[in-house]
Amino acid sequence: MRWTMMLALLLLAMATVGVYAQAETKPAPETTAEEKAKAAEKAAADKAKADADAKAAAERKAKEEKEATEDVGLTATKGDLTDFIKKYLPGVDPAGAHDFTKIQSPTDPQKRFEYTHQMGRLLQFYVKQLDMGATFSKHFDALSRTELKDQPVFMTLYAMLLISFPPGRPNVLEAEDLLKNAAKVADNYEYPNYLLARILMARHGNRRPLMEYVERTLKLRPTFVDAKLLKAEILLDPDAGDTAAAIKLIEETLALDNTDVEDFVQATQLYAIATSTDQLVAKVEELLKRPSLEARRRAHARAVAAQVLAQAGKIQESLPWMDAAIQDIDTKQDPRFAIIARHFLGKANADLAIQLRQRDPKLTGENRKAYELLVLTAKNYYELAATYEKDLLPADMRGEHAEHYVIFLDVSLEEPELAVKWLTDYLDKTTLSGNWRTRLELVLLSMRARTSSDEAIVVRELKDRREKQDTDGLARALALLAGRVRNGNPPKSGELLNELLELLNYTDRSIVAMAGRLAAEGGLSRGGDDIAKVGEALGRRLEKETECVNDEQVQLHKLMAQALRRLGSRKSEARAVRHLETLFAKVVGRTPDELLSVLMEWLDEDYLEALTKAIKDSDVTVPERLGTSARRDPATVREYLTNLAKALDKAAG
């Protein structure tokens, strides 16, 4: 748009120059006063239009630049977060040189590499640690409509985002296009080639082009540690790899003292993959003897050894390693590591408690005391991790370990009341990001719903999760409500019944089916007009299903039929049967398995027998149950369903 406007102004200027030049070479003819007035009026109108166009263009430009550079939460303007990032990612300055609202475009190869490297580390931190992928997606989309869109550094950073967000559904094709364009614009830029190799690696692509990208990257920058470690990963491929060469590259990285801690950790983990548990432990012991190995790397090396031992089933042996790792580093200097280490120790002690109980379910002799000590130790470590997170991390990074702790209390220790009390106090006294506060409030709501007989809490949880489209959370909440029904506590309040009926409009059919079954129980519990109300709602929702061709639709039809039969509203049952008949009317050939499965709900012998007893009028009879061969004939099935609907109408009175 800006280029179009500039071109229009240029053409206007050229045309004006032509008019002026012509005016200098030819005498202007005399004009009347009226013509002069019209010309002046036209000139004024043209000027007003030009001024308006220029103003609109300026406003558009200002809007684009504002969208692209406004602070939408991308800069670490809060002091605590800025300070944390500087400690966590040495060399990164989120509010200065590495401000994402002021993306730079260095052309010097060394400066460009260093800038891309640090911006990439920060981007991954924002997306993975702070869950800001959606914010960055919006930001980069706005920037892609500015002059930055043609800059190789911007294209590379945008590709990094597309590769990592949304999780599980990355936009790899667009990322590839950006990286290939960046490599074309700057053929001495190593990062596009490296990231193209990473994409191929994730796709399990052909090894030859994958290695070509890596070699091209290393040719441009032989000291690029990330590329060396990627090459090591490729060489570890059991089908076409070279383990010895991979180990050599890994050891070269481990020998360096000036790499990022992330690279050091990755190299240690790759060494574990390339060798054995015992060899990894020996390598860590060797690294710890190196005088130049600074404290943070010592701690991480020990932590990797602990994790590898635990994964190998040697949990007891892993504990001293993680205990020593904690001693290596000041908690306030690296609180994130301190938290993860405590979480590891909590889980390790909990796993040991589980193993002990599996070996001795009755916990005889000293085993009971040992078990209780392990559980208490696990609880203390989980709580310590949550406390450190609250006290030592920026507000944007709090919440994860609080959730771990309350789930441990609620599920592992089976102490939901204690979990509710702790989390209530935590939410009252802790500053959190909006996302984490909402998430933890829903966890609290869910626990309260299970420990309280107050249905208002259940209603609030279902409503909150419905409005947030939290399908998994809804499934859990409805499953808990179903458990109440099995224990003889069906929905009783009108508010809860209405919320269940509201869920019949939800987008996920499994939620609709669960809500329908529970609504039927609620209708029966309340009786009276509510039975007809629920039946009407179930029938209306079922009629929205205009086909039955997949498992999801089959299950919905079957469960809704069961709900209607459970409810006992003959009028609504007749409505559902007639709807099923309309589906059979569309069948060409034999009855498909999907519809046959639904039909069986209306061929239940006990159901037909009860219906027969309910009909007093001799003029209307319940149709005879269809045999196996008759069920495969759509015309016969339609006749059966038509007669069944008539019988249900009669039973309804």
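The values are calculated or read from the model by the stated rules, or taken from the named source; none is laboratory data. The structure presented is a predicted model; accordingly, all values stated were derived computationally and were not measured. All Cβ positions, glycine included, derive from the backbone under ideal geometry; neighbour counts span all protein chains shown. Note: areas computed on protein heavy atoms with side chains; ligands, DNA, RNA excluded. Shrake-Rupley method; radii C 1.70, N 1.55, O 1.52, S 1.80 Å.
Among the residues of segment 542-562, which ones are surrounded by 15 or more Cβ atoms within 10 Å (Cβ to Cβ), hydrophobic (A, V, I, L, M, F, W, C) and more than 22 Å from Lys650 (Cβ to Cβ)?
Those that are surrounded by 15 or more Cβ atoms within 10 Å (Cβ to Cβ), hydrophobic (A, V, I, L, M, F, W, C) and more than 22 Å from Lys650 (Cβ to Cβ): Cys548, Val554, Leu556, Leu559, Met560.
Starting from segment 640-653, take each residue that is farther than 13 Å from His579 by Cα and touching a residue at least 40 places away in the same chain (Cβ under 8 Å) and list its partners that are open to solvent by 60 Å² or more (accessible area, probe 1.4 Å) and of a type outside the set (Gly, Ala, Ser), counting only C-beta distances under 6 angstrom and pairs at least six apart or across chains.
Close Cβ pairs (under 6 Å, with a partner that is open to solvent by 60 Å² or more (accessible area, probe 1.4 Å) and of a type outside the set (Gly, Ala, Ser)) amount to Ala652/Lys571.
Could you tell me whether Trp436 is over 24 Å from the mean Cα position of the chain (by Cα), in a helix (DSSP H, G or I) and under 25 Å from Ala395 (Cβ atoms)?
Against the criterion (over 24 Å from the mean Cα position of the chain (by Cα), in a helix (DSSP H, G or I) and under 25 Å from Ala395 (Cβ atoms)), Trp436 does not qualify.
What is the one condition in (1) open to solvent by 10 Å² or more (accessible area, probe 1.4 Å); (2) under 34 Å from the mean Cα position of the chain (by Cα); (3) of a type in the set (A, V, I, L, M) that Val304 does not satisfy?
Looking at each condition in turn, Val304 falls short on (1).
Looking at Gly494, is it over 30 Å from the mean Cα position of the chain (by Cα), buried (at least 19 other Cβ atoms within 10 Å of the Cβ) and farther than 20 Å from Glu441 by Cβ?
The answer is no for Gly494.
Being buried (at least 18 other Cβ atoms within 10 Å of the Cβ) and of a type in the set (S, T, N, Q), is that true of even one residue in segment 448-464?
Within segment 448-464 (the criterion being buried (at least 18 other Cβ atoms within 10 Å of the Cβ) and of a type in the set (S, T, N, Q)), the answer is no, since none of the residues qualifies.
Could you list, ordered by first residue, the pairs with Cβ atoms under 6 Å in which the first is in segment 368-382 and in contact (Cβ under 8 Å) with a residue 12 or more places away in the chain and closer than 16 Å to Ile407 by Cα and the second is among the basic types (Lys, Arg) and surrounded by 18 or more Cβ atoms within 10 Å (Cβ to Cβ), at least 6 apart or interchain?
Taking only residues 6 or more apart or on different chains, the pairs are Tyr381/Arg342.
How many residues are part of a helix (DSSP H, G or I) and open to solvent by less than 50 Å² (accessible area, probe 1.4 Å) if we restrict to segment 424-433? Full working, then the answer.
First, the residues of segment 424-433 that are part of a helix (DSSP H, G or I): 424-429.
Next cut, open to solvent by less than 50 Å² (accessible area, probe 1.4 Å) only: 424, 426-427.
Residues flagged as part of a helix (DSSP H, G or I) and open to solvent by less than 50 Å² (accessible area, probe 1.4 Å) within segment 424-433 amount to 3.
Could you list, in sequence order, the residues of segment 318-330 that are surrounded by 15 or more Cβ atoms within 10 Å (Cβ to Cβ) and under 17 Å from Ala295 (Cα atoms)? Spell out how you get there, then give the answer.
The first filter runs over segment 318-330 and keeps only residues surrounded by 15 or more Cβ atoms within 10 Å (Cβ to Cβ), leaving 318-319, 321-322, 324-326, 328-329.
Scanning segment 318-330 gives Trp321, Met322, Ala324, Ala325, Ile326, Asp328, Ile329.
Right, Lys421: over 25 Å from Glu521 (Cα atoms), open to solvent by 40 Å² or more (accessible area, probe 1.4 Å) and over 27 Å from the mean Cα position of the chain (by Cα) or not?
yes
Quick one: is Glu594 open to solvent by 40 Å² or more (accessible area, probe 1.4 Å), touching an Asp or Glu at 6+ places or on another chain (Cβ under 9 Å) and either under 16 Å from Val549 (Cα atoms) or not in a loop (DSSP other than H, G, I, E, B) (or both)? Write out each step before concluding.
On the way: open to solvent by 40 Å² or more (accessible area, probe 1.4 Å): yes; touching an Asp or Glu at 6+ places or on another chain (Cβ under 9 Å): yes; either under 16 Å from Val549 (Cα atoms) or not in a loop (DSSP other than H, G, I, E, B) (or both): yes.
So Glu594 passes the test.
Pick from segment 353-396 the residues that are in contact with a Lys or Arg (Cβ under 8 Å, 6 or more places away or on another chain) and not in a helix (DSSP H, G or I): which of them is farthest from Ala341 (Cα to Cα)?
Checking each candidate, the answer is Leu363.
Scan segment 362-390 residue by residue and report those that are over 12 Å from Lys347 (Cα atoms) and polar (S, T, N, Q).
Answer for segment 362-390, where residues must be over 12 Å from Lys347 (Cα atoms) and polar (S, T, N, Q): Thr364, Asn367, Thr387.
Residue-wise test of (1) touching a residue at least 60 places away in the same chain (Cβ under 8 Å); (2) open to solvent by 20 Å² or more (accessible area, probe 1.4 Å); (3) outside any helix (DSSP H, G or I).
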residue: Thr253; (1), (2), (3): no, no, no
residue: Leu256; (1), (2), (3): no, yes, yes
residue: Val265; (1), (2), (3): no, yes, no
residue: Val281; (1), (2), (3): no, yes, no
residue: Leu293; (1), (2), (3): no, no, yes
residue: Arg298; (1), (2), (3): no, yes, no
residue: Leu309; (1), (2), (3): no, no, no
residue: Gln316; (1), (2), (3): no, yes, no
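Hey, can you tell me all the residues within segment 497-508 that are in a helix (DSSP H, G or I) and open to solvent by 30 Å² or more (accessible area, probe 1.4 Å)?
Selection gives Asn498, Glu502, Asn505.
Within segment 121-222, considering only helices (runs of 4 or more DSSP H) that don't extend past its boundaries, which have at least 1 residues that are open to solvent by 60 Å² or more (accessible area, probe 1.4 Å) and not β-branched (Val, Ile, Thr)?
Those helices (runs of 4 or more DSSP H) span 133-143, 172-185, 190-202, 207-220.
Ile615 fails exactly one of the following numbered conditions: (1) of a type in the set (Val, Ile, Thr); (2) modelled with pLDDT under 90; (3) under 26 Å from Ala515 (Cβ atoms). What is the number of that condition?
(3) is the only condition that Ile615 fails.
Give me a count of the residues in segment 409-418 that are open to solvent by 80 Å² or more (accessible area, probe 1.4 Å) and either among the charged types (D, E, K, R) or over 25 Å from Ile354 (Cα atoms) (or both).
Selection size over segment 409-418: 2.
Restricting the first residue to segment 492-512 and requiring it to be closer than 17 Å to Glu552 by Cα and of a type in the set (A, V, I, L, M, F, W, C), which pairs with a second residue that is open to solvent by 40 Å² or more (accessible area, probe 1.4 Å) and in a helix (DSSP H, G or I) meet a Cβ separation below 9 Å and a spacing of at least six or different chains?
As it stands, the answer is Leu503/Arg466; Leu503/Met514; Leu504/Arg540; Ile511/Arg466; Ile511/Thr471; Val512/Asn505; Val512/Leu559, since those pairs meet every condition given.
Determine the pairs where a residue that is polar (S, T, N, Q), located within segment 583-609, has a partner that is open to solvent by 50 Å² or more (accessible area, probe 1.4 Å) with Cβ atoms under 8 Å apart, the partner being 6 or more residues away or on another chain.
Going by the 8 Å Cβ cut-off, the qualifying pairs are Thr591/Arg632; Thr591/Asp633.
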